[in-house]
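Reviewing the structure listed below.
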Amino acid sequence: MSRVVAGHRPALQKMGDGGRIALFYLVRHGESVWNAEERLCGRTDVELSEAGRRQAEHLGQRLRGLPPVAIYASPLRRTAETAAIIAQGSGLAPIIEPRIIELNYGAWEGKTFAEVKTQDRDLYRRWDADPAAEAPPGGETGLAGLARIVPFLVLGATTVFVQLQSSLNR
């Protein structure tokens, strides 16, 4: 889960040319049942674990003083539920946004990291060193994921919480 700096008060900043800078808080969903088993989830629709729900509640409490204008989540249950928990008390309903769906881990989805390291050692090492350029078999690179997400982010808003997975938050 992302950290929030204590006492940080986000403000819409004006650029010298009169433009505005959007402020995004990129947060990771709470722990899923597969995360607890050290399995790669990717686009497989896995629900939050009880620990993940508690993490989302804690993050929601930490974010309460921030003034978001929107909260976005991917269509997957773990991100939508995390966003709904964070949104409690904000007066906002999370917006489901397909462009920010998790990376596709292809053949690695559902496998543990230990299984992938053993079964696909060389590719795993390359991917771990450079997830932007390498992709699991049948999956997508980090750059492909960013090609989906960046146009969405460019639309901008003043303060937004966006659910992204850890590989894309790197």
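The values are calculated or read from the model by the stated rules, or taken from the named source; none is laboratory data. Everything numeric here is computed off the predicted structure, so don't read it as measured data. Quick reminder, even Gly has a Cβ in these numbers, built from the backbone with ideal geometry, and neighbours come from all protein chains shown. What goes into the accessible areas is simple: the full protein's heavy atoms, side chains included, and nothing from ligands, DNA or RNA. Shrake-Rupley method; radii C 1.70, N 1.55, O 1.52, S 1.80 Å.
Taking a point 7 angstrom from the Cα of Val150 along the C-beta vector, which residues in the range 122-136 have backbone N less than 17 Å away?
131-134
Which of the peptides 108-116, 40-48 is most tightly packed, and how do the rest follow, judged by the mean count of other Cβ atoms within 10 Å per residue? Let's see the in-between values first.
Working: 108-116: 16.8, 40-48: 19.1.
Highest-to-lowest ranking by the protection proxy: 40-48, 108-116.
Mind running the shape call on the range 48-98? Use the C-alpha gyration tensor, a ≥ b ≥ c as the square roots of the eigenvalues: rounded below 1.5 for a/c, prolate if a/b tops b/c, oblate otherwise.
Working: a/c = 2.51, a/b = 1.06, b/c = 2.36.
In terms of gyration-tensor shape, oblate.
On the accessible surface of the range 28-166, probed at 1.4 Å, how many percent belong to carbon and sulfur atoms?
Working: 3430 of 6500 Å².
Summing carbon and sulfur atoms, their accessible area is 53 percent of the total for the range 28-166.
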